[in-house]
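Here is the structure we will look at, set down as structure tokens.
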There are 4 protein chains.
Amino acid sequence: MIIVMNPGASREEVNDVVARIRSLSLDAHLSEGEEHTIIGVVGVPLPPTLDEMMEVFPGVERVVRITSKFKLTSWDFHPQKTKIRVGATTIGGDAITVIAGPCSVESEEQTLTTAHAVLQAGATLFRGGAYKPRTSPYEFRGLGQRGLEILALAREETGLGIITEVMTPADVATVRPYTDIFQIGARNAQNYLLLEEVGKAGKPVMLKRGLSMLIEEWLLAAEYVMAQGNSEVILCERGIRTFEVQTRNTLDVSAVPVVQKLSHLPIFVDPSHAAGKRAYIEALALAGVAAGCDGLMIEVHPAPDHALSDGAQSLNFTEFAELMPKVKAVAEAVGRTLPVGDEAMVV
Amino acid sequence: MIIVMNPGASREEVNDVVARIRSLSLDAHLSEGEEHTIIGVVGVPLPPTLDEMMEVFPGVERVVRITSKFKLTSWDFHPQKTKIRVGATTIGGDAITVIAGPCSVESEEQTLTTAHAVLQAGATLFRGGAYKPRTSPYEFRGLGQRGLEILALAREETGLGIITEVMTPADVATVRPYTDIFQIGARNAQNYLLLEEVGKAGKPVMLKRGLSMLIEEWLLAAEYVMAQGNSEVILCERGIRTFEVQTRNTLDVSAVPVVQKLSHLPIFVDPSHAAGKRAYIEALALAGVAAGCDGLMIEVHPAPDHALSDGAQSLNFTEFAELMPKVKAVAEAVGRTLPVGDEAMVV
Amino acid sequence: MIIVMNPGASREEVNDVVARIRSLSLDAHLSEGEEHTIIGVVGVPLPPTLDEMMEVFPGVERVVRITSKFKLTSWDFHPQKTKIRVGATTIGGDAITVIAGPCSVESEEQTLTTAHAVLQAGATLFRGGAYKPRTSPYEFRGLGQRGLEILALAREETGLGIITEVMTPADVATVRPYTDIFQIGARNAQNYLLLEEVGKAGKPVMLKRGLSMLIEEWLLAAEYVMAQGNSEVILCERGIRTFEVQTRNTLDVSAVPVVQKLSHLPIFVDPSHAAGKRAYIEALALAGVAAGCDGLMIEVHPAPDHALSDGAQSLNFTEFAELMPKVKAVAEAVGRTLPVGDEAMVV
Amino acid sequence: MIIVMNPGASREEVNDVVARIRSLSLDAHLSEGEEHTIIGVVGVPLPPTLDEMMEVFPGVERVVRITSKFKLTSWDFHPQKTKIRVGATTIGGDAITVIAGPCSVESEEQTLTTAHAVLQAGATLFRGGAYKPRTSPYEFRGLGQRGLEILALAREETGLGIITEVMTPADVATVRPYTDIFQIGARNAQNYLLLEEVGKAGKPVMLKRGLSMLIEEWLLAAEYVMAQGNSEVILCERGIRTFEVQTRNTLDVSAVPVVQKLSHLPIFVDPSHAAGKRAYIEALALAGVAAGCDGLMIEVHPAPDHALSDGAQSLNFTEFAELMPKVKAVAEAVGRTLPVGDEAMVV
């Protein structure tokens, strides 16, 4: 860490800073420039809030952290790309993983027909919400326990692995037997107690990016899960909030290569939540794959115009089946694969 | 609600939309313009997701909701400004309420000396975190139960009402006896199960605005609390996330008059979290009061440069005591009061 | 246009609104709902500021414009995709157009070697700045007239069409003979007098998106050019400003399908300015192509670490030559072409 | 400047960086930490693009600039607060300066009645646009030369100093005789040739903040004006673009204390453009004054509901006259003055 003093900082102010650093059993190296005195702080580990602590000292102009705050999520800690096995699927390898399914589990019939349709088209994991976070208290909030049971039925019938959202620590134990991957939604991306609870549950976790989360904060949220001993974390970019209103959110497609540079964790793209409009899902899904993502998460519903939630951003079965060969083509163009046989394309 | 059809929408597409609306026991009025057919939807109540549902129909260009989604938070529901009594303090009346205290409860001594100092300077409520949400898992996260007990001691010694943060539904019962107001932090502003749990707890709730929360979403979050029968909700603007980096967040001071136009709930300003730097707290506090806020929430610490969290944005006792008469002067300039006697200024 | 009155709007307020509308020779249709009176405004053309005008009337809650403000840029006006011919290149057809070259023209040698290298790798247009907008007045600002002459030499030697930036109306005539396409930079995207001046110059115009420009505003800026009779406008997404700091800007890849839905104009992607860092250019270039863009604009420099501007976001010759076959592969995966022969890849 | 090398940077990479620095006649000091080698760069002046230049070297992880890029705008260069005299008014002193007038000069009568009304209420400078930047080419764009003549008449009749916008370098000479202060609008805030042209014109310049301009970029834009020898620059915060939609822009009230900490230049607030809605102007004007701004710029129109532009955000004469005593009260509460006599309040 480097502490830059004001041009006018007094000798005493510099000494106070140095004394405080040494009181923390760290080393301080002074370097006096023409304008600024600069203090280098050396020691391992640096307290995570050391920058905040030092900024407040009289005479300090700026504190610059050199080492990143995340550890377990970084390549330094884990020099191989993380691969996660869920049933027959391997996430983080050469193959693109496609997760598909409805926003909410609405009924047995809706769920099972969708599971069969997305399996047929080449998806390898099935999504569906039993507990739904909704902006307004007056909206449909999921079937709860009954929804979980329907998901279990879909797994039994199709063999697809299941991913479903958990919203609060107390539900982790309830959801655990029914899901193969815990999904943490964007609104809970900094719900730290929930992150720790799923970190202890011994199953993979997909962590969606919060609407206004810096990539660094997102990796630190993953760090919460990993600090519990669970290294199977998948990140999912689903659009950030910006000023533009033509799409529900702005897909930050750059997050794909940035995460890959900073971390060994697999990174997915959710074009449905990013776009918010069915017409743009294809373009965003293909963009994500071209940018190098490890997988996609796409909302599919038998009759989007009758969906109880997110109908506007769901594909119907035909649209999804038509998208998959395009995903495959782009995946192969960038040296990845999509395990979709020609027979899978028949709908 | 108004549904605008595409210029090229077919008669059949229009009919499908109308049929769907009528299937929901709502009325549809057609109006055919030169370019667009417009369908007015009438009926009470409109399903909250009706816009999403209808957007997805073929031929629909845009859906415009006319009535707002929030009810209990609006003036229509509650034509008098909400006033909340906490001990001797009334929030939402003519007097500005100042909440002050440290970011975290660190020790008995730190807490009690701060409580006495802010009481002396004119604060009427005391803040302090026992459970702290931190971006990194490696930072100080609060004293927990011991922190709550220290807060109780501060209340006993000074008579100040207490506000402290609760982070998860399971903690609500634990925190309840120790606090007079539940604080919901920015990161939990859309943690709906938590909102409902504090809604049932029968004590006032302060709801901080999420970093990228639209004012409409914030009022809907308040609606979650109120829908449980708890009408004592206080909103607190604490800065939103923008591109500017000179401050930790950007104080959206306009939120003060906007909230007051849309809702009967009291609105506070937290200049400490907005600024993130001690040097700007005074300007933002005074701006909030001039804009008409009902109260301020300010971080105060006996030795900010030794604080375990948020030191950079905390005032020391002298700075806080010097700020209060300025708050009083601006409050009076805009027709409000601050119950600070001259003797209170003596520190 | 629809004018929604407040629930409590008086009969007189409604009448005032209607009278004002009729005074503008427009028609007003009243529709009285249970809560709101709604006034439909009909007439062609609507004054462009009618919404602003009407919002200000007492009793008006909201004004909703139904028809879009842009005309010449919309599909209604021009139902075929716009194709622009520049030398042997056609922009907006099946082939992806790649523009490449240095940020700034620095010298004859730097420019000519780069032009040959990008031609060899498959670029069909050459970029280079003679006039550079720089955030600080103390930075290198381009060679001016001498830079234009070097560009002419590059065109003569390689046959590549030229695109260069013009910064002020008075320079349009000077730049005109040396360029095939006028580039309007992000900072000048709402410099309306400049837009009109290039609109009159009878050559194609590339209009970069402003850092915080809504897509609607961008199309209206294109409308300025087109209103002068020049229909050859190319839009270029180059990243918008958001809170994220890992990239210089956030590439709004969704802008590609959104623009294509709203407008017949070709849409390019500039991964260099969006990323700001060389490591991310490839991923963003491929994402843009997968999303359906009509072309790319990429900064290439013989020795990026000695560039006078934008070195950090420039590829060197090898990197560019290695990128092109990948662009070609993704282009073909989405049904487009890139006219790069195998021989072109030899560098 | 500090250059932080990657943990894995080779000796050769470090040497290359050092060699490049020395080739620019600067000094490099190496400091080898446990994880990172850090290179301090010393020398005056640092090339303004040195950070960009060095970032691109292999092995470099990050470049941190210690000294700010702006000079003439900083306190280092000019340790006294800048005061600007325009007629009888002094900007930047104890007194708050209020600029008022219509968005556009529409007619002689509209302009003169407004000038008399705002003078009466206590404004000391008069604003009015003769050249108007408009988002759409189909909107009213000002009276041009005739508008300037009407402004001259207003000055003659009332004695109020004039501020009006100039949009392009070629108009600077035309506008010069009619104005006392050149206004540079938000959309032209990085139109560098225009900034230089007004810098040469020998009259004060008000520089509005661009919609997505960092405060640092804004000061660098002021630097463009000052580098021409014109030190009379006024900054004006008028709202930035964020995700919130309840106001037209988000007033960044923190910009007031931040600018004052970084620069000696006077800083104004424009509540009209920030709010975009008449109902919120008062709150934002008072917030700006409480935060310490040096002046306000407010749109006033005789009949806002008939204004040709910005009616929704203009006050009428009564509203403006009622606002001024409130501004005075808040100004006095924060130790400033507003030279408005009691007689001035009579309308």
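Among the residues of the range A:33-82, how many are of a type in the set (Gly, Ala, Ser), in a loop (DSSP other than H, G, I, E, B) and touching a residue at least 24 places away in the same chain (Cβ under 8 Å)?
As a first pass, look at the range A:33-82 and keep what is of a type in the set (Gly, Ala, Ser): A:33, A:40, A:43, A:59, A:68, A:74.
Checking the rest, the ones that are also in a loop (DSSP other than H, G, I, E, B) come to A:33, A:43, A:59, A:68.
Checking the rest, the ones that are also touching a residue at least 24 places away in the same chain (Cβ under 8 Å) come to A:59, A:68.
Looking only at that region, the number is 2.
Within the range A:173-182, how many residues turn out to be open to solvent by 10 Å² or more (accessible area, probe 1.4 Å) and of a type outside the set (Ser, Thr, Tyr)? Working first, answer last.
Filtering the range A:173-182 for residues open to solvent by 10 Å² or more (accessible area, probe 1.4 Å) gives A:173-174, A:176-178, A:180.
When the remaining residues are screened for being of a type outside the set (Ser, Thr, Tyr), the result is A:173, A:176-177, A:180.
Matching residues across the range A:173-182 total 4.
Within the range B:276-316, how many residues are modelled with pLDDT of 95 or more and of a type in the set (Gly, Ala, Ser)?
8
Give the number of residues within the range B:206-236 that are among the β-branched types (Val, Ile, Thr) and in a helix (DSSP H, G or I).
Keep residues of the range B:206-236 that are among the β-branched types (Val, Ile, Thr), which gives B:215, B:225, B:233-234.
When the remaining residues are screened for being in a helix (DSSP H, G or I), the result is B:215, B:225.
Of the residues in that region, 2 qualify.
Kindly establish whether D:Pro325 is modelled with pLDDT of 95 or more and closer than 22 Å to D:Ser212 by Cβ. Reasoning before the result, please.
Details: modelled with pLDDT of 95 or more: yes; closer than 22 Å to D:Ser212 by Cβ: no.
No: the conditions fail for D:Pro325.
Which residues, counting only those in the range D:85-113, are at positive phi and at pLDDT 95 or above?
So in the range D:85-113, the residues at positive phi come out as D:87, D:92, D:101.
Hits for the range D:85-113 are D:Gly92, D:Gly101.
Select, from B:Ala221, B:Ala170, B:Ala186, the only residue that is within 13 Å of chain A (Cβ to nearest Cβ) and touching a residue at least 60 places away in the same chain (Cβ under 8 Å). Before the answer, list the steps.
Numbers: B:Ala221 fails: touching a residue at least 60 places away in the same chain (Cβ under 8 Å); B:Ala170 fails: touching a residue at least 60 places away in the same chain (Cβ under 8 Å).
Just one listed residue meets the conditions, B:Ala186.
Can you tell me which residues in the range D:1-29 are open to solvent by 60 Å² or more (accessible area, probe 1.4 Å) and outside any helix (DSSP H, G or I)?
Scanning the range D:1-29 gives D:Pro7, D:Gly8, D:Ser25, D:Asp27, D:His29.
Looking at the range C:316-338, which of its residues are part of a helix (DSSP H, G or I) and among the hydrophobic types (A, V, I, L, M, F, W, C)? Please lay out each step first, then the result.
To start, the set of residues in the range C:316-338 that are part of a helix (DSSP H, G or I) comprises C:317-333.
Answer for the range C:316-338, where residues must be part of a helix (DSSP H, G or I) and among the hydrophobic types (A, V, I, L, M, F, W, C): C:Phe317, C:Phe320, C:Ala321, C:Leu323, C:Met324, C:Val327, C:Ala329, C:Val330, C:Ala331, C:Ala333.
Given the criteria of a type outside the set (D, E, K, R) and in contact with a strand residue (DSSP E or B) (Cβ under 7 Å, 6 or more places away or on another chain), does B:Gly93 qualify?
Working: of a type outside the set (D, E, K, R): yes; in contact with a strand residue (DSSP E or B) (Cβ under 7 Å, 6 or more places away or on another chain): no.
Judged against the criteria, B:Gly93 is not a match.
Collect the residues in the range A:63-88 that are away from chain D (no Cβ under 14 Å) and open to solvent by 20 Å² or more (accessible area, probe 1.4 Å), keeping them in residue-number order.
Scanning the range A:63-88 gives A:Leu72, A:His78, A:Gln80, A:Lys81, A:Lys83, A:Arg85, A:Gly87, A:Ala88.
Across the range B:98-115, which residue is farthest from the other protein chains (Cβ to nearest Cβ) among those that are open to solvent by less than 20 Å² (accessible area, probe 1.4 Å) and in a loop (DSSP other than H, G, I, E, B)? Steps first, answer last, please.
Step one: list which residues in the range B:98-115 are open to solvent by less than 20 Å² (accessible area, probe 1.4 Å), which gives B:98-105, B:110-111, B:114-115.
Right, trim to in a loop (DSSP other than H, G, I, E, B) and you get B:102-103, B:105.
Working: B:Pro102: 13, B:Cys103: 10, B:Val105: 16 Å.
The qualifying residue farthest from the other protein chains (Cβ to nearest Cβ) is B:Val105.
Looking at B:Val269, B:Val253, which one is without any contact (Cβ under 8 Å) to a residue 60 or more places away in the chain, under 15 Å from B:Ala123 (Cβ atoms) and touching a helix residue (DSSP H, G or I) at 6+ places or on another chain (Cβ under 6 Å)?
Details: B:Val253 fails: under 15 Å from B:Ala123 (Cβ atoms).
It is B:Val269.
Can you spot a residue in the range D:30-52 that is within 13 Å of chain C (Cβ to nearest Cβ), on the phi < 0 side of the Ramachandran plot, open to solvent by 20 Å² or more (accessible area, probe 1.4 Å) and touching a helix residue (DSSP H, G or I) at 6+ places or on another chain (Cβ under 6 Å)?
Yes: the range D:30-52 contains one or more residues that are within 13 Å of chain C (Cβ to nearest Cβ), on the phi < 0 side of the Ramachandran plot, open to solvent by 20 Å² or more (accessible area, probe 1.4 Å) and touching a helix residue (DSSP H, G or I) at 6+ places or on another chain (Cβ under 6 Å).
For the structure I just gave you, tell me whether D:Val118 is β-branched (Val, Ile, Thr), assigned to a helix (DSSP H, G or I) and in contact with a Gly (Cβ under 8 Å, 6 or more places away or on another chain). Before the answer, list the steps.
On the way: β-branched (Val, Ile, Thr): yes; assigned to a helix (DSSP H, G or I): yes; in contact with a Gly (Cβ under 8 Å, 6 or more places away or on another chain): yes.
Criteria met by D:Val118.
Taking the range D:257-295 on its own, how many of its residues are outside any helix (DSSP H, G or I) and within 23 Å of D:Trp75 (Cβ to Cβ)? Spell out how you get there, then give the answer.
Going residue by residue through the range D:257-295, those that are outside any helix (DSSP H, G or I) are D:263-270, D:276-277, D:291-295.
Narrowing further to those that are within 23 Å of D:Trp75 (Cβ to Cβ): D:263-269, D:291-295.
The number of residues fulfilling the criteria is 12.
Residue under question is C:Arg248, and the condition is that it be touching a residue at least 40 places away in the same chain (Cβ under 8 Å) and basic (Lys, Arg); does it hold? Don't jump to the end; show me each part of the working.
Numbers: touching a residue at least 40 places away in the same chain (Cβ under 8 Å): yes; basic (Lys, Arg): yes.
Spelling it out, C:Arg248 is indeed touching a residue at least 40 places away in the same chain (Cβ under 8 Å) and basic (Lys, Arg).
Here is a list of conditions, (1) more than 30 Å from D:Asp76 (Cβ to Cβ); (2) at the interface with chain B (Cβ under 9 Å from one of its Cβ atoms); (3) open to solvent by less than 10 Å² (accessible area, probe 1.4 Å), and D:Ile298 meets all of them except one; can you say which number that is?
Only one criterion is unmet by D:Ile298, namely (2).
Contact list please: Cβ distance under 8 Å, first residue in the range C:303-331 and within 14 Å of chain A (Cβ to nearest Cβ), second residue in a helix (DSSP H, G or I) and open to solvent by 30 Å² or more (accessible area, probe 1.4 Å), pairs at least six apart or on different chains.
So the pair list comes out as C:Gln313/C:Arg278; C:Leu323/C:Glu282; C:Met324/C:Met345; C:Pro325/C:Met345; C:Lys326/C:Glu282.
Just to be sure I understand the filter: pairs with C-beta atoms under 8 Å, separated by 6 or more residues or on different chains, first member in the range B:5-30 and modelled with pLDDT of 85 or more, second member among the basic types (Lys, Arg). Which pairs pass?
Pairs found: B:Ala28/B:Arg22.
Quick one: would you say C:Ala283 is under 20 Å from C:Pro102 (Cα atoms), open to solvent by 10 Å² or more (accessible area, probe 1.4 Å) and more than 8 Å from chain A (Cβ to nearest Cβ)?
Numbers: under 20 Å from C:Pro102 (Cα atoms): yes; open to solvent by 10 Å² or more (accessible area, probe 1.4 Å): yes; more than 8 Å from chain A (Cβ to nearest Cβ): no.
No; evaluated as a whole, the condition is false for this residue.
If I filter the range A:129-141 for residues that are part of a helix (DSSP H, G or I) and open to solvent by 20 Å² or more (accessible area, probe 1.4 Å), do I get at least one hit? Before the answer, list the steps.
Here is the first cut: in the range A:129-141, the ones part of a helix (DSSP H, G or I) are none.
Among the residues of the range A:129-141, not one is part of a helix (DSSP H, G or I) and open to solvent by 20 Å² or more (accessible area, probe 1.4 Å), which makes the answer no.
Results for (1) farther than 16 Å from B:Arg241 by Cα; (2) within 10 Å of chain C (Cβ to nearest Cβ), shown as yes or no for each residue.
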site	(1), (2)
D:Lys208	yes, no
D:Leu211	no, yes
D:Glu217	yes, yes
D:Ile234	yes, no
D:Arg238	yes, no
D:Ser254	no, no
D:Val259	yes, no
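Name the one entry in A:Leu148, A:Leu153, A:Leu160 that is in contact (Cβ under 8 Å) with a residue 12 or more places away in the chain, open to solvent by 50 Å² or more (accessible area, probe 1.4 Å) and among the hydrophobic types (A, V, I, L, M, F, W, C). Walk me through it before giving the result.
Values: A:Leu148 fails: open to solvent by 50 Å² or more (accessible area, probe 1.4 Å); A:Leu160 fails: open to solvent by 50 Å² or more (accessible area, probe 1.4 Å).
Of A:Leu148, A:Leu153, A:Leu160, the one residue that is in contact (Cβ under 8 Å) with a residue 12 or more places away in the chain, open to solvent by 50 Å² or more (accessible area, probe 1.4 Å) and among the hydrophobic types (A, V, I, L, M, F, W, C) is A:Leu153.
Against the condition closer than 17 Å to B:Val259 by Cβ, basic (Lys, Arg), without any contact (Cβ under 8 Å) to a residue 40 or more places away in the chain and surrounded by fewer than 24 Cβ atoms within 10 Å (Cβ to Cβ), how does D:Lys277 come out, does it pass? Don't jump to the end; show me each part of the working.
Details: closer than 17 Å to B:Val259 by Cβ: yes; basic (Lys, Arg): yes; without any contact (Cβ under 8 Å) to a residue 40 or more places away in the chain: yes; surrounded by fewer than 24 Cβ atoms within 10 Å (Cβ to Cβ): yes.
Yes; evaluated as a whole, the condition is true for this residue.
Could you say which residue among B:Phe70, B:Phe57 is aromatic (Phe, Trp, Tyr) and over 28 Å from B:Ala221 (Cα atoms)? Steps first, please.
On the way: B:Phe70 fails: over 28 Å from B:Ala221 (Cα atoms).
Matching residue, one of B:Phe70, B:Phe57: B:Phe57.
Give the range D:206-229 a look and list any residue that's open to solvent by 10 Å² or more (accessible area, probe 1.4 Å) and touching a Pro at 6+ places or on another chain (Cβ under 8 Å), or say none.
Scanning the range D:206-229 gives a single hit, D:Ala227.
Identify, by number, the condition in (1) touching a Lys or Arg at 6+ places or on another chain (Cβ under 8 Å); (2) in contact (Cβ under 8 Å) with a residue 12 or more places away in the chain; (3) surrounded by 19 or more Cβ atoms within 10 Å (Cβ to Cβ) that D:Ala95 doesn't meet.
Failed condition: (3).
The values are calculated or read from the model by the stated rules, or taken from the named source; none is laboratory data. A quick note: this is a predicted structure, and the numbers were derived from the prediction, not measured. With ideal geometry, Cβ positions are generated from the backbone for all residues, glycine too; neighbour counts draw on all protein chains shown. Remember, those area values only see protein heavy atoms, side chains included, never the ligands or the DNA or RNA. Shrake-Rupley method; radii C 1.70, N 1.55, O 1.52, S 1.80 Å.
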